[in-house]
Amino acid sequence: MAVGFADMVGFTAMSERLSLDDLAGVVDRFEEISLDVVTSEGGRIVKTMGDECMFVADSARAAARIGVRLAEHHTDDAYAADVRIGLACGPVLPADGDYFGPTVNLASRLVGIADPGNVLISAAMRAELDSTAPGEFSFRSAPNRELKGIGEVEMVWCGWAASPHAPSVDVGDLRRRWRWWWSSGGMPSQP
């Protein structure tokens with residue numbers, strides 16, 4: 001099974017700056033987009049935890065499609081906060097509608113170190129995608145990291161396969177920089 005976590009970027013800073021009504025609107029939009037995207041790709045929301053949701057899918061391909069689409073939808077939606085996504089695949093232990101085990105732990109750790117607007121996956125998931133969805137996704141190496149309770153992990157960034165019609169400027173990256181500046185109260189870095 002594939003497990004994913006989506007986490008809103010800058011939620012703590014937003015919670016300090018927004019009214020409770022506006023903050024509730026951001027959380028509602030996050031949950032709405034997450035539910036729509038996850039279910040449209042055949043996945044299931046396991047739980048939402050305020051600024052984060054956990055989802056599962058029966059295949060690495062479905063989970064990767066969910067992850068990339070979640071990142072896109074949150075970047076493109078003017079009323080949603082950006083998200084970071086962590087994905088892993090492997091055996092899980094189902095119990096009372098939730099899932100447990102090393103695969104869940106790995107996905108949870110990956111979301112914690114993913115960059116805003118990006119999808120970080122395990123090397124095992126990349127291998128699965130290479131064999132089950134060749135050419136659908138592109139991958140960029142990420143440095144190996146020592147993850148608490150897990151050890152050193154090989155991971156990669158995941159996105160859609162490059163298109164010859166892709167824009168030369170990453171408009172999503174510019175939006176992420178602006179949102180990060182807005183939510184943190186700082187100045188955006190130059191692209």
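Read-outs: derived from the displayed coordinates by stated rules, not from any lab. Model, not experiment: these values are computed from the prediction. We place every Cβ from the backbone using ideal geometry, glycine too, and count neighbours over all the protein chains shown.
The table for this structure:
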quantity: Amide hydrogen neighbours beyond the local backbone of Glu154, cut-off 5 Å, H modeled; calculated: Ala123
quantity: Segment Asp28-Ile150, extension gain: residue separation times 0.36 nm, minus the distance between their alpha carbons; calculated: 40.6 nm
quantity: Added length on full extension, which subtracts the Cα-Cα distance from 0.36 nm per residue, Phe139 to Phe100; calculated: 11.3 nm
quantity: Exposure proxy order (Cβ contacts within 10 Å, fewest to most) of Leu147, Leu87, Leu106, Leu93; calculated: Leu93, Leu147, Leu106, Leu87
quantity: Around Val38: net Lys/Arg minus Asp/Glu count, Cβ-Cβ under 15 Å; calculated: -2
quantity: Pairwise label distance in nanometres, Met49 with Asp36, each label 7 Å out on the Cα-Cβ vector; calculated: 2.6 nm
quantity: More than 13 Å apart - percent of Cα-Cα pairs taken over the range 76-129; calculated: 63 percent
quantity: Where only alpha carbons of the range 2-184 are counted, the Rg and the Dmax (Å); calculated: 15.8, 47
